[in-house]
1. Which FRET efficiency value, to the nearest 0.05, do you get for Lys519 and Phe203 by plugging their Cβ-Cβ distance into 1/(1 + (r/R0)^6) with R0 = 25 Å?
2. Going through the cross-link list Lys481/Lys595; Lys257/Lys279; Lys467/Lys612; Lys238/Lys279; Lys238/Lys614, which pairs have a Cα-Cα distance over 22 Å in this structure?
3. Report the full-extension gain for the segment Leu738 to Ala339: residue separation times 0.36 nm, less the Cα-Cα distance, to one decimal in nm.
4. Any idea of the accessible area per residue across segment 429-542, 1.4 Å probe, to the nearest Å²?
5. Counting heavy atoms of the protein chains only and a 1.4 Å probe, report the per residue accessible area for segment 336-382 as a whole number of Å².
6. Please list, ordered by chain and number, the residues whose modelled amide H lies under 5 Å from the amide H of Leu132; skip anything fewer than 5 residues away on the same chain.
7. Separation between the Thr376 and Asp466 pseudo-spin-labels, each 7 Å from Cα along Cα→Cβ, expressed in nm?
8. Under a point spin-label approximation (7 Å from Cα along Cα-to-Cβ), what is the Glu484-Gln548 distance to one decimal in nm?
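The values are calculated or read from the model by the stated rules, or taken from the named source; none is laboratory data. No experiment lies behind these values; they were computed from the predicted model shown. Here Cβ is always computed from backbone atoms with ideal geometry, including for glycine, and neighbour counts include all displayed protein chains. Each accessible area value is taken on the protein alone, full model and side chains, heavy atoms only, with ligands, DNA and RNA left out. Shrake-Rupley method; radii C 1.70, N 1.55, O 1.52, S 1.80 Å.
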Amino acid sequence: MLTNYATIALRNLLRNKVFTIINILGLAGGLAACLLIAAWVRDEISYDRYASRSRDIYRVNLGIGGTTQSDYPMVDIAVGPGMASAYPEIEAFTRLSHFGDVYVRSGTRQFKESNLVYADSNFFGVFTQPFLEGDARTALVRPNSLVVTKAFATRYFGEAPALGKTVELSNFGPCTITGVIEKIPDEAHFHFEAFLSWATLHFSQNTWTNVGFYTYLRLRPGADAKRLQARFPELVAKYCVQEISRDMGVPLAEARKAANTFVFSLTPLAEIHLNSNTKYELEANGSRLYVFIFSALALFILLLACANFTNLSTAGAAARGKEVGIRKVMGSLRKQLIAQFLTESILLTAFSMLLALGIALLLLPLFNQVSGKHFTAGVFFNFPTILAALVLVGLVGALAGLYPAFFLSSFDPIQVLKGSLPGGRRSLLRSGLVVFQFVVSIGLIVATLIVYRQLQYMQDMRLGYDKEQVVYIQDASLLDKNQEAFRQELLRDKRVANASISWCIPGSGAMNGTEIYPKTEGANDAKGEIHTNIYNIDYDYVATLGLQVVKGRNFSRDFPTDTSNGVLINETAVNDLGWGHMDPIGRIIVRSGRKEYKVVGVIRDFHYLSAKQKIAPLMLLLGNNLGGIVVKVNTADVSGFLADTRRRWTAFNAKGPFSYYFLDDRFAHLYTAEQQTGRLFTAFTFVAILIAGLGLFGLAAYMAEQRTKEIGIRKVLGATVSSVLLLVSKEFLLLVGLAFLIAVPVTWWAMSQWLREFAYRTPVSWWIFPLAGASAFLVAVITISFQTTKAATANPIQSLRNE
């Protein structure tokens, strides 16, 4: 029986080649989009599950500041061991500390490495990784021990074994490779290539109230993380209060108030990638909102493809009507006809899935480029994916074919053999499907426009500093004591407008941080302690980046005390310190360690982090600025300037190669995730519109068949082609108009929710919605015109000769 159904189904599919091809292409496009989105979603939700007992691992976070709270994904050096000794439900702790760029040399090979960290000796006991060389249990026990990835080892030793070999690290001396791993998995929230043993540096501090150490706890099986977290205030009271009192020089009562703003919390390891998004993450994280959005997008595209199939199947009802009538007259039961049509639907879906798989494989390199992933063909060829694809074929085949099967099998054989098809042209289901398709299409067009407007808004907004033609020369510390001499050499070049020595660059995240409070001078003088970021700069930094001093003055060599206790603060710091209603110039700020600073100037707020984040308090200090040189260039010949600067760098006998980046490039890099989202939205919006167009094509074909005789009579009575076009198109355009009215409020609400993720956002302009609606109307008109023109220009004699 099944063989017979399949044979007949295949014959019918081959007989109606046009509808079959359109059906397969529509379904294949929708299924290919679903396969790609499903791969992306599955990857996003599978982060940090590679470690054994990953469900028992938590990261310790710190929130400081009360109403002006700053959140950190790291804590102080003593927190991990202190928690482990205080609570028996903690089985182990391990820490990471990122120490920035370092030059690594082995023989004649030298490279600048950025992905190096200190790691506790038990790190690979918690974050389990198979070792290609060495022993995970002992690899990080001794000082100057280094565990590296295979790629790291290959850069210095080729394919030869690396275990036991030595590399020279700038500032650390010779280090021995004691372990080699393949790599940190792609689905991890960090991807370091070298791990230096914690024992290499002898950390002298044993403090609780600072940050800088990424600390992870592994709890014993069955331990309750929430109950454990509820006990953390005990540690704040025991350790932080004394420390704050000592460092700030305040009474215990005041220190206790400050300590009450210290909140330690736990984030499950598997939730870091999607649920944690502080400015100090080890890498840019994902977003649970985007996972939800793209999951919904895949579902909508799949439903669009099913709606498209249903419309096209009912559009071909006339061709199948007589077949159904004859088969019923010959004794076929309705359930047999339903089984026949469902078999056709599932068979067509299976063909579509095979084609979808081919399309997905062809588009995979482009999809990787757009999404930032690194998928291979294996992402589709594994047991869970193959099983899901088979289930999807059955579900989609049944869902898409159910209505056509019941619709076609319900025909009265006498009526259809007379040439009369049931189910008039105004089918609520078919009209509803078209409305649904265009609600989704219009919504996606609106969403794409808003995403791109937000990206453009962030990139074009007034940042408060000049990022154009600003070159940052990295690793100025390689010049040793010649940094200032090199800067003066640059200033003698007429192509240089200004130059400054500093390692703190907007958009880079390079900065320090501390707790500060205003020195009380009156009963209403201050709000209390706040957290602030710190930029270490020189005298020329403000002028080089075009920062604006709105009160007071810039640092000046005419004021020697600026080097010891002068400070510039931004407008946000002024407000958070409680000085918004008074002149802050000359007032005193106290920071950790009882160090006092005198405010000499106020800088207009500038976006030193991403525009996704609200501008936070910032203090700028004159200090040790080893690290980089900021150069403002005023020439169109930037490449020539860089070539000359490279020669100057070599002439100064720098200990490493010349490297640089442009400030505007670094700024654009901050929005990589949003740019990827925008490109994905655009691609899948195109797919959705294409499928909706095919669905409309199907309904137009059906309506044209239903009204063939009506159109013939109208033409005989003198109707023009344009009047026939208007007559047939009117109903479809009304459906698109209804879709527009439904899509506008839904999309406005959804995109308003998305924009709330940004501290600074573009308004949702009213003209976006008419533009999206007009685009949908244009697609509808083009699609409908093909079928209606064909019907309107047909010879009426052909349609009326049977009457």
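1. Working: r = 31 Å, r/R0 = 1.25.
According to the calculation, E is roughly 0.20.
2. On the way: Lys481/Lys595 27 Å; Lys257/Lys279 26 Å; Lys467/Lys612 18 Å; Lys238/Lys279 29 Å; Lys238/Lys614 33 Å.
As for pairs spanning more than 22 Å Cα to Cα, those are Lys481/Lys595; Lys257/Lys279; Lys238/Lys279; Lys238/Lys614.
3. Numbers: separation 399, 0.36 × 399 = 143.64 nm, distance 3.52 nm.
Length gained between Leu738 and Ala339: 140.1 nm.
4. Working: 4280 Å² over 114 residues.
Result: 38 Å² per residue.
5. Numbers: 2090 Å² over 47 residues.
Each residue of segment 336-382 exposes 44 Å² on average to a 1.4 Å probe.
6. Amide H to amide H, under 5 Å and 5 or more residues apart or across chains, Leu132 pairs with Val180, Ile181, Glu182.
7. Here the answer is 5.0 nm between the modelled labels.
8. 3.2 nm
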